[in-house]
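The values are calculated or read from the model by the stated rules, or taken from the named source; none is laboratory data. As the structure is a computational prediction, the values presented were derived from the model and not from experiment. When we count neighbours, we look across all protein chains shown, and the Cβ atoms used for this are built from the backbone with ideal geometry, even at glycine. Ligands, DNA and RNA are stripped out before the accessible areas are found, and what is left, the full protein with its side chains, is counted by its heavy atoms. Shrake-Rupley method; radii C 1.70, N 1.55, O 1.52, S 1.80 Å.
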Amino acid sequence: MPAGSRRGGALVHELLDAAAGRRPDDPAVCDKAGHDSYGELVVRSQVAADWLICAGVRPGDRVAVLLPPGRDMTALTYGVFRTGAALVPVSPQVGRLHLEWILRDSAPALVVCHDKVSDVQALTAVPVVSLQDLARHGATVADRPAPLINAGDPALLMYTSGSTTMPRAVVCPHERVRFVVDAVGSRLGYTSDDVILCRLPMSFDYGLYQLFLAAAVGAQVAFRPDLPMAATLAAARAVRATVLPLVPTMTAILLRIGVRDRRPTDVRLVTNTGEALSAAHARSLRVVFPNAAIVPMYGMTECKRITIGEPDEDLRHPDSVGRPLDGTEVLVVDSDGTPLDAGQVGEIWVKGPHVMRGYWRSASATAQRFHRPEYADRMLRSGDHGYLDSSGRLYFVGRRDDIFKRRGVRTSVTELEAAILSVAEVVQAAVLPPGPDGELVAWIVGDITPRALLAELTSRVEPAKVPDRFIVSGSLPLTENGKIDKRSLRSGDLR
């Protein structure tokens, strides 16, 4: 089957084809089972596409894939794109309730999983197949006309969940994904010599886009989803990793190890998103990776990436999350949508070719989050608050629900967590806005008592901002994407 024809712009899988055309023998992706070169990955993705078509997948369909990150998931990802269907990446660790919802909501033509086919089949009437079925398909590709794929066709349905609702799917067309890859890639500066060590799930866009960013320049992605954090530095040395994409919770655990293991690595770049990276953690990362630049980023699934800082920009402009991507615009507006001057805090709105189409089968949710959703120049209402400086750098203050007044003093969850993390003994921190009882609670991981932490914090923040209670725990619950699961904290699981 040919690679696939297109109309009106670039397709995501053409990144892979172009990389294979340039350097087919260069390594593209590896996992604990082995390596695939770019040339091998093209063939595997073509075989996967042929198998999917034989299974009845057609352009415009959805294919849900529940596989751990690695070579198989990578081949299936590009294979789905070649069929003209949209990929619905789902974490194999997703809970039964959410999985059942995702399968019902996305209405896929096919579900692919690694094993436990019968368990998944019990949740849906859609055909469920396994990798063993792909193996039985063989390694040949039928000579059939390639499907016509438009650049505006959906490439991805990325499910993202709020704190209280079921997951919603963001519709991500090929052309907008490609814009993001080009815009982000130009800022991060990945090269063909880079090896990206990725522990993130591919159901998290931060993990999935590592594939596309790597293919754009011919870099290699080393997937280690099951790697214990204690083995991260050893793995980085083993694969000669040069790039580490992290979220703050991963950073906190990694720093515990790095304090004891100071042997050098090849890491030259550490990126951060998901939540703010505290100044204390940034300082410690520079000790563990003395030759690495740290790049803060800010984004959300609805447009992937909003701003990216310059390497080590936090040293020159503390708390900045960088400037908007080239070709995009960030506005800070008041409650009426009127743009505010530099330094004034308001809601962050985003405009540009990276703003995705909206939510799958949810016109009401799309209308709430997207301004002018029916137009190509739609704007995204982030729901986050921040401000721009006179040079256009963005500073994140917090989500609307995370900003609150206490005893007449305005503060945010982000500010309090950063203050707590500045205490040397604290490894992780989570704060929730006061509930109906007015109590402000902070959850802590670290070698410190609540009394000692209270003494430290009273010298760092105003009295009105000091939590009423500190809960010290051995660990905090995490989401599938590695973020602190504040929904579990809100439900009282650790109280």
When restricted to VAL80, VAL63, the only residue outside any helix (DSSP H, G or I), under 18 Å from VAL171 (Cα atoms) and β-branched (Val, Ile, Thr) is VAL63
Taking region 98-153 and keeping only residues that are assigned to a loop (DSSP other than H, G, I, E, B), polar (S, T, N, Q) and open to solvent by 30 Å² or more (accessible area, probe 1.4 Å), one is left with THR140
Margin query: Take ALA55 and tell me if it is without any contact (Cβ under 8 Å) to a residue 40 or more places away in the chain, open to solvent by 40 Å² or more (accessible area, probe 1.4 Å) and either touching an Asp or Glu at 6+ places or on another chain (Cβ under 9 Å) or under 28 Å from ALA214 (Cα atoms) (or both).
Written below: no
Residue count, region 310-330, condition without any contact (Cβ under 8 Å) to a residue 40 or more places away in the chain and assigned to a strand (DSSP E or B), comes to 1
Across region 349-364, the tally of residues that are farther than 15 Å from MET379 by Cβ, assigned to a loop (DSSP other than H, G, I, E, B) and of a type in the set (A, V, I, L, M) stands at 0
Of (1) touching a residue at least 60 places away in the same chain (Cβ under 8 Å); (2) among the aliphatic types (A, V, I, L, M); (3) crowded, with 21+ Cβ neighbours inside 10 Å, MET166 satisfies every one except (3)
Taking region 400-432 and the residues there that are over 22 Å from the mean Cα position of the chain (by Cα) and of a type in the set (Gly, Ala, Ser), the one that is most open to solvent (accessible area, probe 1.4 Å) would be ALA424
Selection from region 333-348 of residues open to solvent by 30 Å² or more (accessible area, probe 1.4 Å) and either touching a residue at least 60 places away in the same chain (Cβ under 8 Å) or in a loop (DSSP other than H, G, I, E, B) (or both) yields ASP334, SER335, ASP336, THR338, LEU340, ASP341, ALA342, GLY343, GLN344, VAL345
Of the residues in region 360-387 that are surrounded by fewer than 20 Cβ atoms within 10 Å (Cβ to Cβ) and acidic (Asp, Glu), the one that is modelled with the highest pLDDT is ASP377
The condition of being in contact with a Pro (Cβ under 7 Å, 6 or more places away or on another chain) and open to solvent by 30 Å² or more (accessible area, probe 1.4 Å) holds, among PHE179, PHE223, only for PHE179
Of the candidates VAL330, VAL295, the one satisfying the condition of being touching a Pro at 6+ places or on another chain (Cβ under 9 Å), closer than 23 Å to ASN481 by Cβ and open to solvent by less than 20 Å² (accessible area, probe 1.4 Å) is VAL295
Going through region 24-43 in order, the residues found to be modelled with pLDDT of 95 or more and either under 21 Å from VAL177 (Cα atoms) or open to solvent by 50 Å² or more (accessible area, probe 1.4 Å) (or both) are PRO24, ASP25, PRO27, ALA28, VAL29, HIS35, TYR38, GLU40, LEU41, VAL42, VAL43
Of the residues in region 309-346 that are among the hydrophobic types (A, V, I, L, M, F, W, C) and within 18 Å of ARG399 (Cβ to Cβ), the one that is farthest from the chain's Cα centre (by Cα) is LEU340
So the helices (runs of 4 or more DSSP H) completely within region 178-271 holding 1 or more residues that are acidic (Asp, Glu) are 205-217
Taking first residues from region 250-275 that are more than 25 Å from SER475 (Cβ to Cβ) and second residues anywhere that are of a type in the set (D, E, K, R) and surrounded by fewer than 22 Cβ atoms within 10 Å (Cβ to Cβ), the pairs with Cβ under 7 Å that are 6 or more apart or on different chains are THR265/ARG237; ASP266/ARG240
Only unsatisfied item for LEU233, checking (1) open to solvent by 10 Å² or more (accessible area, probe 1.4 Å); (2) over 27 Å from LEU11 (Cα atoms); (3) not hydroxyl-bearing (Ser, Thr, Tyr), is (1)
